[in-house]
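Novice: Have a look at this one before I ask anything.
The values are calculated or read from the model by the stated rules, or taken from the named source; none is laboratory data. Predicted model, so just to flag it, every value in this text is computed and none were measured. Note that we place each Cβ from the backbone using ideal geometry, even for glycine, and neighbour counts take in every protein chain shown. Side chains are part of the model used for accessible areas, which takes the heavy atoms of the whole protein and leaves out ligands, DNA and RNA. Shrake-Rupley method; radii C 1.70, N 1.55, O 1.52, S 1.80 Å.
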Amino acid sequence: MFYFCGMKRSLQLFFTFMKIGAFTLGGGYAMLSMVEKAVVDQKKWIGSDEFWDMIAVIQSLPGVFAVNTALYVGHRVAGRKGAFASMLGAIIPSIVIILLLATVFREFRDNPVVERIFKGIRPCVVALILAPSLRMIKSAKVTWKTAIIPILAVFLIWWCKISPAYVILTAIACSLVYAIIIERKAKEAEK
């Protein structure tokens, strides 16, 4: 009986992430809204705070964002089998779509209609990425005081062409130094 319950949950994970993978344009960040709606709002597999904590961790990991998200949620919900099932669900639609596009794209790549379709999709992808980014700002509890941090990070990455890895490592180091300073001040205040 336990085996079938675990299998049922793995199948639910597989089909949930397959649906997300099939209807997401623009990559990992574009899928955030769909994942949040399915995993947090509909299925209630994880809470909203844990979801945004998961996103923060996944962003710092190497690999494909969508796959890392599927692996985390799958493992959290149904262990290794769930992780494997959700990962397969997330990647199968992409593989199928890429194979289909690869077989027909050579014939249609110079077609003006196809070029217009791709140009029309681009603004939609921007919106799909912007919407979860704004929710992420809200969930990160960015205030007017702390707004300088993401603004500075964007400036360093986009304008100065500094690798995001260096920006993340610097942010971690600064956070640790800040935490140590706050802790020392608290200890001195207790004395």
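Novice: Roughly speaking, to the nearest percent, how much of region 109-151's 1.4 Å accessible area is carbon and sulfur? Walk me through the numbers before you get to the answer.
Specialist: Numbers: 2660 of 3650 Å².
C and S atoms contribute 73 percent here.
Novice: Over the chain, give the accessible area per residue in Å² for a 1.4 Å probe, as an integer.
Specialist: Working: 13930 Å² over 191 residues.
Roughly 73 Å² per residue, with all protein chains present.
Novice: For a test of the definition: using alpha carbon positions, the gyration tensor, and the 1.5 limit on a/c, classify the chain as rounded, prolate or oblate.
Specialist: Details: a/c = 2.54, a/b = 1.34, b/c = 1.90.
Cα axes put the chain in the oblate bin.
Novice: Another question, then. List, largest first, the extents of the alpha carbons of region 1-114 along their principal axes, each in whole Å.
Specialist: Reported extents, whole Å, longest axis first: 52, 32, 26.
Novice: Here's a follow-up. Could you please put 53, 110 in sequence from largest to smallest accessible area, using a 1.4 Å probe? Walk me through the numbers before you get to the answer.
Specialist: Values: 53 100, 110 120 Å².
Ranked from most to least accessible, the order is 110, 53.
Novice: If you count only protein heavy atoms and use a 1.4 Å probe, how large is the accessible surface of residue 9, to the nearest 10 Å²?
Specialist: 90 Å²
Novice: List the chymotrypsin sites (Phe, Trp or Tyr not before Pro) within region 116-191 that fall in a DSSP loop (any state other than H, G, I, E or B) and whose Cβ has at most 14 other Cβ atoms within 10 Å. Spell out each step's value before the answer.
Specialist: Numbers: sites: 118, 144, 155, 158, 159, 166, 178; in loops: 144.
Those satisfying the criteria are 144.
Novice: At 1.4 Å probe size, put 182, 149 in order of accessible surface, largest to smallest.
Specialist: Values: 182 80, 149 110 Å².
So the residues, ranked largest to smallest area, are 149, 182.
Novice: Quick check: at a probe of 1.4 Å, how many percent of the accessible area of region 46-98 sits on carbon and sulfur atoms? It would help to have the intermediate numbers written out before the result.
Specialist: Working: 1840 of 2720 Å².
On region 46-98, the fraction of accessible area on carbon and sulfur atoms equals 68 percent.
Novice: Still on this structure, I have one more. Output wanted: per-residue J couplings in Hz (rounded whole) for region 59-71, from phi through Karplus 6.51 cos²θ - 1.76 cosθ + 1.60, θ = phi - 60°, x for Gly and Pro.
Specialist: 4, 8, 8, x, x, 6, 4, 4, 5, 4, 4, 4, 4
Novice: List the residues whose amide H sits under 5 Å from the amide H of residue 64, counting only those 5 or more places along or on another chain, with H placed 1.01 Å from N in the peptide plane.
Specialist: HN-HN under 5 Å from residue 64: empty list.
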